[in-house]
Structures are given as structure tokens and as C-alpha cells.
1. Work out from phi, with θ = phi - 60° and the Karplus expression 6.51 cos²θ - 1.76 cosθ + 1.60, the ³J(HN,Hα) of each residue of segment 208-220, listed in order in whole Hz, and give x for Gly and Pro.
2. With springs connecting C-alpha atoms under 10 Å apart, model the chain as a Gaussian network and identify which of Val144, Val127, Val309 has the largest mean-square fluctuation.
3. Which of the trypsin sites (Lys or Arg not before Pro) across segment 233-290 are loop residues per DSSP, with 16 or fewer other Cβ within 10 Å?
4. List the longest stretch of the chain that has no exposed loop site; here a site is one of the chymotrypsin sites (Phe, Trp or Tyr not before Pro) assigned by DSSP to anything other than H, G, I, E or B, with at most 14 other Cβ within 10 Å.
5. If the viscosity is 0.890 mPa s and the temperature 25 °C, what translational diffusion coefficient in µm²/s does Stokes-Einstein give for the chain when Rh comes from Kirkwood over Cα pairs?
6. If you place +1 on the Cβ of every Lys and Arg, -1 on the Cβ of every Asp and Glu, and leave all else neutral, what size is the dipole of the chain about its Cα centre, to the nearest 20 Debye?
7. Once phi is turned into θ = phi - 60°, what whole-Hz ³J(HN,Hα) does the Karplus curve with 6.51, -1.76 and 1.60 give for every residue of segment 72-82, x standing for Gly and Pro?
8. With a 10 Å cut-off between alpha carbons and a GNM built on the chain, which of Gly235, Gly183, Gly298 moves the most?
Amino acid sequence: MKTKNATFMETMIGEKQGSNSLTMMLLKGRTLIVLILLLIFFSIVTPNFLSANTFLLLAKHVALYGILAIGMTYVIITGGIDLSVGAVVGLAGMVAGGMIQNGITLQVFDVTLYFSIPLVILFTLLVGAVVGLINGITITKFGVAPFIATLGTMYIARGFAMLHSNGATYSNIIGNDALGNVGFTLLGGRVMGIPVGAIILAVIAVAAGILLKRTTFGWHIFSIGGNEKAAKLSGVKVDKVKILVYIFSGVCAAIVGIITASQLEAAHPASGETWEMNAIAAAVLGGTSMMGGIGTIGGTIIGAFVIGVISDGMVMCGVSEFWQMIIKGLVIILAVIVDQFQRNMEAKIALQARNDTKGEE
């Protein structure tokens with residue numbers, strides 16, 4: 001028979017475990033909870049916030065943040081970081097805008113070539129992939145820390161974007177029927193009322209989610225972030241996977257650059273400035289751990305919505321851009337603190353479970 005003390009202890013342990021389970025459930029769903037609270041708050045402060053037009057505008061912005069954040073999620077899960085994505089956005093827009101407006105001049109033959117929009121897009125994506133390749137090789141083959149390597153390519157990419165037009169903007173990049181390069185602005189438009197950018201985000205999110213969760217490549221990404229040495233010993237080609245991840249991040253940034261230029265019908269070399277912070281914030285808010293080894297695409301998309309709602313909501317409330325930067329910085333710090341708290345709590349729960357198992361034995 002159980003004594004009163006034993007029964008009391010079992011009751012206390014059960015209550016503690018129930019409390020821990022509730023806390024963990026709230027922590028895991030924190031981003032969705034924050035998103036709902038933000039929607040309620042801004043709908044009260046700004047009556048028109050829940051209108052259809054506001055949601056369409058929000059969808060356009062979230063598409064840009066979300067695509068960038070998906071590439072960033074892959075990178076962070078491996079334990080890395082990519083600070084170059086914002087600069088690649090600007091560079092990609094300038095490359096696409098320059099090819100549409102000025103073409104490519106072959107001075108040897110004294111001829112200027114103009115390309116169809118699919119070729120312009122393909123070449124621009126290749127530029128993003130090259131930047132990602134440089135990042136990956138610098139990090140894996142030369143042993144440069146991801147923060148330093150991508151910080152360097154950020155400046156290089158931004159510099160090339162400025163040099164492309166001597167700092168000027170390519171305006172009115174709608175193409176010319178006679179040159180066969182029209183249709184670029186369709187990427188910034190809508191299909192059945194839905195922004196094309198949002199559709200592209202959905203396609204990339206589904207593909208990236210399946211790749212991450214249901215393929216060997218995805219398992220390799222998680223294993224590298226969890227324990228790189230163990231991944232090497234188990235036969236994972238760590239360098240190859242990391243390079244591919246940075247290439248993917250560069251391509252995602254190039255896609256955002258193309259969509260941005262298409263929406264504006266213009267390309268400016270400063271486009272995408274500080275957007276790497278939005279991408280990092282969205283990924284971390286969505287549950288991607290800065291320590292590596294943990295992350296989901298679904299969580300990142302919710303995180304992108306949180307960033308989008310905060311940005312658009314503060315704009316509609318007339319909050320200064322400077323305060324917006326401060327608030328986003330605080331959001332990133334808070335997200336990392338909560339992530340660390342969750343990891344510590346999970347470790348304590350696991351340790352308690354092992355101790356309870358030993359006690360039963």
C-alpha cells in the first residue's frame with residue numbers, strides 16, 4: 001500500500017509535469033499567439049487594419065520577408081548565418097533592371113543584346129546562386145566564420161549594385177515590344193486578386209518544407225546543425241550540404257530582388273537594405289534556433305507574418321521608422337531569449353524524465 005507521503009509526492013510530481021507541459025505548449029505556439037495578439041491590437045488601434053486592401057498589401061510584404069526567411073532558415077539550421085541576402089536583393093534588382101533597360105553590350109562586335117524575360121530571370125537567379133556559392137566556399141573551404149564571410153559578401157554585393165549604374169536607379173523597367181523583353185512587371189502584379197509574390201512564396205514554402213522534412217538532404221541539414229562532427233562521422237558530406245544551403249539562400253534573395261523590382265517597376269541599388277534582419281527575425285520568431293539543428297518552414301512563415309504585421313501596423317499608426325528599427329531589434333533579442341529558455345526547459349524536462357525512470361527501476 002502507498003503511504004500518504006508517497007501519494008502526496010506523486011500528486012506534486014503530476015502537477016509539476018502538467019505545468020511543464022502547459023508551459024512547453026505555450027512556448028511552442030508562441031509565434032502564432034503573438035500573431036493573433038498583434039492582429040487584435042492593431043485592429044483596435046487602426047480600424048482599417050483588417051480591411052481587404054490592408055491584407056493584400058500585407059501579403060505583398062510578407063511574401064518578400066517570407067522568401068528571404070526560408071533561405072535564412074536553411075542556413076541557420078546548419079548553425080550558420082547569411083548577412084548578404086539584403087544586398088543580393090539590391091544586386092539582383094539592378095541586374096534584372098539593367099538587362100531589361102540597357103541589355104548587354106558586346107564591345108568587340110559593337111552590338112547590344114536584349115533578352116526575353118525568362119532569360120533575364122534565369123541570369124539574375126544565377127547571380128544570386130554565385131553569391132551563395134562564394135559564401136559557401138569561403139565558409140567551408142577557407143574556414144571563415146559565417147558572420148564574417150557573409151558580412152564581406154554583403155559589402156561586395158552592395159558595391160557591385162552601386163557600380164552597375166553608378167548609384168543611379170533603373171526606372172520604368174517595363175521593357176519594349178520591339179525588343180521582345182516585356183512582361184517583367186507581371187511578377188509584381190496579381191492573379192485572381194492574389195499577389196504573384198504570395199503565390200511564389202507558397203510554392204517555395206511547400207517545396208522547401210518537403211525537402212527539409214521528408215528527404216535525406218533535409219536530414220543532413222538538421223544533423224549538421226545538431227552536431228557537425230557527428231554528422232561527418234556518419235558520412236554526411238558537410239561541406240557540400242553547407243554550400244548548397246548558401247546557394248539556396250542566395251537564390252531566394254535573388255527571387256525577392258526580382259519581385260521587388262517588378263512591383264516597383266524600377267530597380268534601385270539600395271533595395272533590400274537591412275532586410276537580412278527581417279529574415280533572421282522571421283526565422284527565429286518561427287522557432288528556428290540560432291544554435292542550429294532546430295527549425296520549421298511553417299514556423300518561419302508565421303514569423304514572417306509577425307514581422308509584416310508589426311511593420312505595416314506601425315506604419316499605419318504613424319510610428320517613426322527609427323522606432324521601427326528599435327522595436328525589430330528588441331523582437332530579435334526577445335525571440336532568442338525565449339528560444340534559449342525553451343531549450344533549457346526541454347533539457348530539464350528530459351533530465352527529470354530520466355531521473356523518474358531510474359527511480360521507478
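Just so it is clear, none of the values below were taken in a lab; they were calculated from the coordinates. None of the values given here were measured: they were computed from a predicted structure. Ideal geometry is used to build each Cβ from the backbone, glycine not excepted, and the neighbour counts take in all protein chains shown.
1. Here the 3J(HN,Hα) series is 5, x, 5, 4, 6, 9, 10, 10, 5, 4, x, 5, 5 Hz.
2. The residue with the greatest mean-square fluctuation here is Val144.
3. Lys237
4. Result, exposed sites excluded: 143-361.
5. 111 µm²/s
6. Approximately 980 debye in magnitude.
7. 5, 4, 4, 5, 5, 4, 6, x, x, 7, 10
8. Gly235
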